[in-house]
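Undergrad: Would you mind keeping the following structure in view while I ask a few things?
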Amino acid sequence: MLGEIDFFVSKIYASKRMVAFTGAGISVESGIPSFRGESGIWDKYDSRNLDIEYFYSNPDKAWSVIKELFYDNFGKAKPNIAHKVLGLMQQKGFLKSIITQNIDNLHQEGGALIVHEFHGNSKYLVCTKCGLRRYISEVNIDFLPVLCEKCNSLLKPDFVFFGEGIPREAYEKSFNDARNADLLLVVGSTGEVMPAALIPSEAKRNGAFIVEINPQPSNFTNSVTDLFIKGKAGEVLLNVAKQMGLMLENI
Ligand code: NAD
Ligand code: ZN
């Protein structure tokens, strides 16, 4: 792994517009399982609770699963070393932006400054009628379904449900940054979720070098990845930070 890390670090130093693209795998070491694969979320919960039509027709049932999963269980998760190293890289000017498929807010909590949230953010709730947006700690979610304080309509977590489109601004900024990147770091994504999975190939088509960190090969590994570093996000990125002499006391 060390030769690969040296090579990756030399690419970081040579890069002018490095961008990161992250998936559920980067938050696994924070205790949030991925959706797919071994002990994935869909082994235990029914994914239709995140289907937008089901949510509107069964708000009580959907909300009780959403509450247990995203707020009681994962709500207390903290950023891990991988989030912090990327945050520090951004603060030091090595990383232009982070495009994430995750909805857990952990990049921001780990110090990241520019994050394009391709699938929204579970820490915010939005009114399905008047658009009022509130941070989770400002809302009482003990009574379900959660209703808007202003117009009494249904509140919905501000992440993208199955059957919903990608938020326009995040979509445009993500593809724009991917097209302009000279180095794209892919961390912890299977590459199965569309249209997010198109981002690495869009970067590559426009000349970016693609580095991937994952304990398992993904859909990207044999198609777009130029340098595959097999391993857990936290372990690999800690080695990268050490190699770059980043201020580890901040991590
Ligand atoms: P995925 O669930 O399809 O795949 C996870 C990937 O992470 C796999 O390739 C796996 O090998 C890898 N992985 C596992 N442990 C890892 C580790 N320690 N370090 C690095 N990689 C590791 O993830 P996906 O492609 O992001 O797609 C799932 C979708 O579900 C995403 O769009 C995302 O929005 C959503 N999701 C989000 C969260 C979250 O916010 N934390 C959690 C689960 C799912
Ligand atoms: Zn409202």
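The values are calculated or read from the model by the stated rules, or taken from the named source; none is laboratory data. Owing to the predicted nature of the structure, the values given are computational and were not obtained by experimental measurement. Cβ: placed from backbone, ideal geometry, glycine included. Neighbour counts: every protein chain shown. These area figures cover heavy atoms from the full protein model, side chains too; ligands, DNA and RNA do not enter into them. Shrake-Rupley method; radii C 1.70, N 1.55, O 1.52, S 1.80 Å.
Undergrad: At q = 0.07, 0.11, 0.12, 0.16 Å⁻¹, what base-10 log of I(q)/I(0) does the Debye formula yield for the chain when every alpha carbon is treated as an equal point scatterer in vacuo?
TA: -0.24, -0.59, -0.69, -1.16
Undergrad: If you don't mind, another one. Multiply the residue separation of F143 and M194 by 0.36 nm, subtract the distance between their alpha-carbon atoms, and state the gained length in nm to one decimal. Could the numbers behind the result be given before it?
TA: Values: separation 51, 0.36 × 51 = 18.36 nm, distance 3.39 nm.
Length gained, F143 through M194: 15.0 nm.
Undergrad: Can you pull the percent of the stretch 162-246's accessible area that's carbon plus sulfur, 1.4 Å probe, other chains left in place? If you can, show how the numbers build up before the last one.
TA: Details: 1840 of 3870 Å².
After summing per-atom areas, the C and S share lands at 47 percent.
Undergrad: Subtracting the Cα-Cα distance from 0.36 nm times the residue separation, let me have the gained length for F94 to R17 in nm, one decimal.
TA: 26.9 nm
Undergrad: Would you rank F74, F55 by solvent-accessible area, highest first, keeping every protein chain in place and using a 1.4 Å probe? Could the numbers behind the result be given before it?
TA: Working: F74 30, F55 0 Å².
Final ranking, largest accessible area leading: F74, F55.
Undergrad: To continue, here is another question. List the relative contact order of the stretch 13-154 as a percent without decimals, with contacts defined as Cα pairs under 8 Å and 6+ residues apart.
TA: Values: 196 pairs, mean separation 32.3, N = 142.
About 23 percent, as a whole number.
Undergrad: Counting only heavy atoms of protein chains, what accessible area per residue, in Å², does the stretch 1-59 have with a probe of 1.4 Å?
TA: Values: 3170 Å² over 59 residues.
Result: 54 Å² of accessible area for each residue.
Undergrad: Turning to a different aspect of this structure: Ignoring ligands, DNA and RNA, what percent of the 1.4 Å accessible area of the stretch 16-83 is carbon and sulfur? Can you show the working numbers first?
TA: On the way: 1670 of 3370 Å².
Ligands and nucleic acids excluded, carbon and sulfur give 50 percent.
Undergrad: Quote to one decimal, in nm, the extra length available between K129 and K230 on full extension: 0.36 nm per residue of separation minus the C-alpha distance between them. It would help to have the intermediate numbers written out before the result.
TA: Values: separation 101, 0.36 × 101 = 36.36 nm, distance 4.55 nm.
Full extension of this stretch gives 31.8 nm more.
Undergrad: Any idea what diffusion coefficient the stretch 73-190 gets from Stokes-Einstein, in µm²/s, Kirkwood Rh on alpha carbon pairs, 10 °C, 1.306 mPa s?
TA: On the way: Rh = 15.7 Å.
Translational diffusion coefficient: 101 µm²/s.
Undergrad: Treating the beta-carbon of each Lys and Arg as +1 and of each Asp and Glu as -1, no other charges, what is the dipole magnitude of the stretch 73-203 about its Cα centre, to the nearest 20 debye? Could you put the intermediate results ahead of the total?
TA: Numbers: 14 positive and 14 negative charges, 60 e Å.
Rounded to the nearest 20 debye, it is 280 debye.
Undergrad: Suppose all protein chains stay in the model; what accessible area per residue would a 1.4 Å probe give for the stretch 70-150, in Å²? Each step should come with its number before you reach the end.
TA: Numbers: 3620 Å² over 81 residues.
For the stretch 70-150, the per-residue accessible area is 45 Å².
Undergrad: Can you give me the P(r) profile for the stretch 20-151? Cα pairs, bins 5 angstrom wide beginning at 0, each as a whole percent.
TA: The percentages, shortest bin first, are 2, 10, 18, 21, 19, 15, 10, 5, 1, 0.
Undergrad: What ranking do 133-141, 181-189 get when scored by the average of other Cβ atoms within 10 Å per residue, highest first? Mind dumping the intermediate values first?
TA: Working: 133-141: 12.8, 181-189: 25.7.
Going from most to least packed, we get 181-189, 133-141.
Undergrad: If you don't mind, another one. Would you compute, from DSSP H runs of 4+ residues alone, the mean residue ellipticity of the chain at 222 nm, taking -39500 (n - 2.57) per run and dividing by the full residue count, rounded to the nearest 500? Don't skip to the end; give the middle numbers.
TA: Working: 9 runs with 78 residues, N = 251.
The per-residue figure over the chain is -8500 deg cm²/dmol.
Undergrad: Report, in degrees rounded to the nearest 10, the 0 to 90 angle that the Cα long axis of helix 233-244 makes with the longest principal axis of the chain.
TA: Tilt relative to the chain: about 40 degrees.
Undergrad: Check N105: other-chain or 5+ apart residues with amide H under 5 Å from its amide H, H built from backbone geometry?
TA: Result for N105 returns S122.
Undergrad: Could you pull out every residue, at least 5 positions away or on a different chain, whose amide H is within less than 5 Å of the one on L132? Hs are placed 1.01 Å off N in the peptide plane, and Pro or chain starts have none.
TA: Residues meeting the amide H criterion: C127.
Undergrad: For the stretch 137-250, just the Cα set please: Rg and Dmax, both in angstrom.
TA: Cα radius of gyration and Dmax of the stretch 137-250 are 19.0, 54 Å respectively.
Undergrad: Could you give me the ³J(HN,Hα) list for the stretch 75-86, computed from phi with Karplus coefficients 6.51, -1.76, 1.60 and θ = phi - 60°, whole Hz, x at Gly and Pro?
TA: Coupling constants for the stretch 75-86: x, 9, 4, 10, x, 9, 4, 4, 4, 5, 5, 5 Hz.
Undergrad: In terms of modelled amide H atoms, which long-range or inter-chain residues lie less than 5 Å from the amide H of D158?
TA: N121, Y124, L125, V126
Undergrad: While we're on this one: With +1 on each Lys and Arg Cβ and -1 on each Asp and Glu Cβ, how big is the dipole of the chain about its Cα centre, in debye rounded to the nearest 20? Write down the numbers at each step before the final one.
TA: On the way: 27 positive and 29 negative charges, 114 e Å.
Dipole of the chain, to the nearest 20 debye: 540 debye.
Undergrad: Moving on to the next point. ³J(HN,Hα) across the stretch 93-107 via Karplus (A = 6.51, B = -1.76, C = 1.60, θ = phi - 60°), whole Hz, x for Gly/Pro?
TA: x, 7, 10, 5, 8, 10, 9, 10, 8, 7, 10, 9, 6, 6, 5
Undergrad: Rounded to the nearest 5, what % of the DSSP beta bridges within the chain are antiparallel ones? Walk me through the numbers before you get to the answer.
TA: Values: 8 of 30 bridges.
In the chain, approximately 25 percent of DSSP beta bridges are antiparallel ones.
Undergrad: Over what distance in Å are the Cα centres of the stretch 190-223 and the stretch 68-124 separated?
TA: Rounded to whole Å, the Cα centres lie 19 Å apart.
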